[in-house]
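Undergrad: Below are the structure tokens for one structure; questions will follow.
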Amino acid sequence: MDIAEVLKLADELLFAHSGQHLDYLQETILKGTLQSQKYAKIASDNHLSEGHVRDRASELWQTLSDVLGEDVNKLNARNILEKIIISKSGSIGYLGNENKVSISSNRMRSPKSSPLSKPTANKPYLDIDNAPEITAFYGRSDELNTLKTWLIQDCSRIITLTGIIGIGKTTLAIKLIEEIPTQFEYIVYRSLRYSPTIDSFLTDLLPAFISPIIPNTLDRQVDVLLKFLRKHCCLIIIDDLQMLFQPGQLAGHYKPEFEGYHLLFKQIAQLSNASSLLLITSEQPEDAIATRYKFTRCLKLTGLGESAKEILRDKELSDEQMWDTLIEKYQSHPLCLEMTATMIEELFAGNVTDFLAYPSLILSNEIGSQLSRVWVRLTESEQEIVKYLALQEKAINLMEVLQVMFDRYNTEIALNAIRSLKRRCFLEAYQNGVGSSLLRLDRTLEAYARSINN
Ligand SMILES: Nc1ncnc2c1ncn2[C@@H]1O[C@H](COP(=O)(O)OP(=O)(O)O)[C@@H](O)[C@H]1O
Ligand SMILES: [Mg+2]
């Protein structure tokens with residue numbers, strides 16, 4: 001095997017591990033070892049003492065052992081390094097600028113098993129095994145087109161996909177992967193549902209892009225990731241971002257231990273990249289990355305509209321003439337409709353008219369328990385505003401809410417609470433005919449708040 005290739009690999013390993021390249025003596029020692037020279041010969045050829053060469057050699061073997069997690073010494077170094085080169089089958093690539101190199105698996109490596117992966121050279125490397133499988137997909141053609149335009153034509157760096165729980169964010173993102181596979185070299189999906197630290201997130205993410213080893217400090221990991229994103233066309237989908245936010249505070253504030261994510265996203269938004277990040281969250285981040293930076297976008301998902309009928313059709317409900325009413329009642333929220341349709345199937349033999357005879361909005365257990373988990377995340381001022389709005393028979397304007405709340409909360413607190421409820425997608429402001437701003441509460445939250453008000 002070419003000695004230069006082995007030296008290059010050793011240099012890359014060292015650099016990824018410590019940020020340092022092989023120095024002249026390390027390179028000389030390695031070269032001599034590859035040519036089966038004794039330390040005495042390496043020393044005399046370079047006018048050095050044998051003791052010094054031995055000391056530097058043993059440091060080098062120790063570092064390579066740490067990097068590779070196996071004992072490397074003068075006798076086996078060549079073997080071990082050659083094996084790595086063979087196993088990577090020539091997939092060593094430069095990362096970043098010319099003097100900073102790391103090992104990158106390129107898209108020739110075979111994709112992981114996935115229903116969407118096809119092991120052909122012109123398909124991207126897909127790492128989406130953790131993404132939920134979608135069984136049905138209806139509607140959303142406008143949203144898909146919007147996302148494709150932002151990703152492909154506008155080269156947006158960060159897209160935030162937001163919407164209330166169960167509205168179909170994850171489902172839409174998975175569908176998107178199917179529709180744009182050839183545009184990206186890498187497509188990776190990760191969920192933050194178990195709130196990983198930034199260190200463990202990056203340790204888990206980086207092997208999708210580089211291998212066999214990844215840097216062991218956070219700074220270096222971020223550095224390597226950013227360089228990779230600049231050089232390669234990657235789409236990283238990060239789901240369940242809301243798990244990083246502080247409960248009991250206004251929406252979208254990172255918990256102190258997750259500030260590292262915020263910094264990373266900011267860096268990605270600011271740097272020129274070939275890559276894009278799709279952040280999925282039911283709480284829009286307060287930092288406004290989605291609106292403050294160029295090349296960033298935000299898409300808020302609402303109901304499925306007319307396409308929601310397909311969900312009812314799948315459940316084989318009867319009384320099709322009443323489906324519009326049912327869909328309107330649940331704001332064409334796909335998960336709510338699915339759960340409600342199951343309830344109608346079980347309790348009303350699929351008869352929508354019988355179910356609609358109950359005027360109030362009935363929440364299934366699953367939706368109720370999801371909402372109760374969200375409810376405890378709201379601040380007291382948000383809860384008060386929701387409870388007040390839930391009791392109103394008609395839409396109410398912003399000024400009235402501020403006046404009613406004034407006894408307890410000054411205008412600033414009330415306004416911030418209203419903005420926060422909007423970021424959680426629980427509240428919508430819309431203009432009435434005479435130009436004043438009316439507030440409309442999400443119906444499921446309204447029903448939940450009414451149930452706990454009683
Ligand atoms: N476009 C869609 N077509 C059909 N079903 C959908 C669609 N979007 C969502 N659903 C249904 O709603 C459920 C919740 O969607 P999901 O994407 O998990 O919501 P979110 O990520 O916003 O919480 C899905 O499991 C699926 O059953
Ligand atoms: Mg989701």
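Here, each number is a calculation from the coordinates, and none is a lab measurement. These numbers were taken from a predicted model, which means no experiment stands behind them. As a convention, Cβ positions derive from the backbone with ideal geometry for all residues, glycine included, and neighbour counts pool all protein chains shown.
Undergrad: Using the 10 angstrom Cβ neighbour count as an exposure proxy, how do TRP323, TRP375 rank, fewest first? All intermediate terms of the calculation are to be shown ahead of the outcome.
TA: Values: TRP323 20, TRP375 15.
Placing the least packed residue first, the sequence is TRP375, TRP323.
Undergrad: Same structure, new question: Measure nothing fancy, just the Cα-based angle from helix 50-68's long axis to the longest principal axis of the chain, in degrees from 0 to 90, nearest 10.
TA: 20
Undergrad: Moving to a separate point now. Search the structure for amide H atoms under 5 Å from the amide H of TYR125, placed 1.01 Å from N in the peptide plane, and list their residues when 5 or more places away or on another chain.
TA: Amide H to amide H, under 5 Å and 5 or more residues apart or across chains, TYR125 pairs with TYR186, ILE187.
Undergrad: On to the next question. Filter the GluC sites (Glu not before Pro) in the stretch 274-333 to those in DSSP coil with at most 14 other Cβ atoms within 10 Å of their Cβ, and list the result.
TA: Working: sites: GLU283, GLU286, GLU306, GLU310, GLU316, GLU320, GLU328; in loops: GLU283, GLU286, GLU316.
Of the GluC sites (Glu not before Pro), the ones in loops of the stretch 274-333 whose Cβ has at most 14 other Cβ atoms within 10 Å are GLU316.
Undergrad: In addition: What FRET efficiency comes out for the pair GLN249/HIS21, r = Cβ-Cβ distance, R0 = 30 Å, nearest 0.05?
TA: On the way: r = 45 Å, r/R0 = 1.51.
E(calc), rounded to 0.05, equals 0.10.
Undergrad: Pop a pseudo-label 7 angstrom from the Cα along the beta-carbon direction at both ALA349 and GLN62 and give the gap in nm to one decimal.
TA: Each label point lies 7 Å from its Cα, and together they span 8.2 nm.
Undergrad: Compute the acute angle (0 to 90°) between the alpha-carbon long axis of helix 380-391 and the principal axis of greatest extent of the alpha-carbon atoms of the chain; round to the nearest 10°.
TA: Value to nearest ten degrees: 40.
Undergrad: Order these by the 10 Å Cβ neighbour count, fewest first: THR325, THR135, THR63.
TA: Details: THR325 12, THR135 7, THR63 18.
Taking fewest neighbouring Cβ atoms as first place, the list is THR135, THR325, THR63.
Undergrad: Give me the distance in nm between label points sitting 7 Å out from Cα along the Cα-to-Cβ direction at ASP142 and GLU328, one decimal.
TA: 1.8
Undergrad: For ILE237, list long-range residues whose amide hydrogen, built 1.01 Å from N in the peptide plane, is under 5 Å from its own amide hydrogen.
TA: Here the answer is VAL188, TYR189, ARG190, LEU278, since their amide H atoms fall under 5 Å of that of ILE237.
Undergrad: Per the helix-only calculation at 222 nm, which mean residue ellipticity applies to the chain, given -39500 (n - 2.57) for every DSSP H run of n ≥ 4 and division by its residues, nearest 500 deg cm²/dmol? Mind showing how you got there, number by number?
TA: Details: 20 runs with 209 residues, N = 454.
Calculated mean residue ellipticity at 222 nm is -13500 deg cm²/dmol.
Undergrad: Classify the stretch 305-362: rounded, prolate or oblate, from the alpha-carbon gyration tensor (a ≥ b ≥ c, eigenvalue square roots; a/c under 1.5 rounded; otherwise prolate if a/b is larger than b/c)?
TA: It comes out rounded by the Cα gyration axes.
Undergrad: Based on the Cβ-Cβ distance from LEU48 to GLN267, what FRET efficiency comes out when R0 is 41 Å, to the nearest 0.05? Working shown, then result.
TA: Working: r = 43 Å, r/R0 = 1.05.
Efficiency for this residue pair is about 0.40.
Undergrad: Hey, another quick one. Starting from the amide H of THR160, placed 1.01 Å from N in the peptide plane, find each other amide H under 5 Å away whose residue is 5 or more places distant or on another chain.
TA: LEU279, ARG297, CYS298, LEU299
Undergrad: Sorted by average packing, counted as other Cβ atoms within 10 angstrom per residue and highest first, what order do 274-280, 424-430 take? Walk me through the intermediate numbers first.
TA: Working: 274-280: 22.7, 424-430: 19.1.
Packing order, densest peptide first, comes out as 274-280, 424-430.
Undergrad: Can you tell me the orientation of helix 3-18 relative to the chain, as the angle in degrees between its alpha-carbon axis and the longest Cα principal axis, to the nearest 10?
TA: 50
Undergrad: Using the beta-carbon distance between LYS422 and ARG313 and R0 = 35 Å, what value does 1/(1 + (r/R0)^6) give for FRET efficiency, to the nearest 0.05?
TA: 0.60
Undergrad: Rounded if a/c is under 1.5, else prolate if a/b is larger than b/c, else oblate: which is the chain, with a ≥ b ≥ c the root eigenvalues of its Cα gyration tensor?
TA: Values: a/c = 3.17, a/b = 2.27, b/c = 1.40.
Prolate is the answer for the chain, as a/c is 1.5 or above and a/b outweighs b/c.
Undergrad: For the stretch 30-74, which GluC sites (Glu not before Pro) are in a loop by DSSP, counting at most 12 other Cβ atoms within 10 Å?
TA: Values: sites: GLU50, GLU59, GLU70; in loops: GLU70.
Those satisfying the criteria are GLU70.
Undergrad: Given labels modelled 7 Å from the Cα in the Cβ direction, how far is it in nm from LEU438 to ARG377?
TA: 2.9
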